[in-house]
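Here is the structure we will look at.
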Amino acid sequence: MRQSKINYYLDIAETVAGRGTCLRRNYGAIIVKNDEIISTGYVGAPRGRQNCCDMGKCIRTELKIPRGERYEVCRSVHAEANAIISASRDKMIGATMYLCGKEADSGEYIKNANSCSMCKRMIINAGIKTVIIRDSKTEYRTIDVESEWVNNDESLEGIFNY
């Protein structure tokens, strides 16, 4: 039985994640348009800086910062951002981003994986239309960027609740 195209691209994103240098979680992202891979990205320190895996420590772990909080403390650039940085906007407009995240210590798929709020904003501005996130080797979620991230603006939550 032939593998689906979506799982084919998610497998590539998973392979890209294997290059990640984070000691906590590694993501791989690929941007595809018209059945052509535009760019790839994985989690790692900015070019020229030491990676956490080379230093043997994670500042976020040392500070006991929970998942989803205080990303500005992290040394790494996220996979989504690295993929966007490596592509021209005209090629990303209307494209699909495939995203796979794995726990660095166990290799298990990250439960409820999703882009952080900063990466969501970059994906929106890049013009990417769809994000597909792997949940297991064969299961995934499809996010329509406009309806789920543009029209459902999570950054407004709680602003007027004072």
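Note on the stretch 105-152: Cα-only Rg and Dmax are 12.0, 36 Å.
For the pairs 64/129; 57/102; 5/137, note any where the Cα-Cα span goes beyond 24 Å.
Those over the limit are 64/129.
With equal scatterers on the alpha carbons only and no solvent term, can you work out the Debye log10 of I(q)/I(0) for the stretch 72-129 at 0.12 1/Å? Values, matching the q order: -0.32.
Could you compute the net charge surrounding residue 145? Neighbours are other residues with a C-beta less than 9 Å from the C-beta of residue 145; K and R count +1, D and E count -1.
Around residue 145, the surrounding residues sum to -1.
What's the center-to-center distance, using Cα atoms, between the stretch 91-162 and the stretch 1-65 in Å? Taking the Cα centre of each part, the stretch 91-162 and the stretch 1-65 sit 14 Å apart. Other residues lying with their Cβ under 12 Å from the Cβ of residue 40 contribute a combined charge of -1, Lys and Arg counting +1, Asp and Glu -1.
In plain terms, the bigger the Kirkwood radius, the slower the diffusion; for the chain, with that radius from Cα pairs, at 20 °C and 1.002 mPa s, Stokes-Einstein puts D at 132 µm²/s. Dimensions of the stretch 58-103 from C-alpha coordinates, computed as largest minus smallest value along each principal axis and given longest first, are 40, 18, 14 Å.
The largest accessible area among 97, 118 belongs to the first residue in 118, 97, and the rest follow in falling order (1.4 Å probe, all chains).
The values are calculated or read from the model by the stated rules, or taken from the named source; none is laboratory data. No experiment lies behind these values; they were computed from the predicted model shown. Every residue, glycine as well, gets a Cβ built from its backbone with ideal geometry; the counts of neighbours run over all protein chains shown. Ligands, DNA and RNA are stripped out before the accessible areas are found, and what is left, the full protein with its side chains, is counted by its heavy atoms. Shrake-Rupley method; radii C 1.70, N 1.55, O 1.52, S 1.80 Å.
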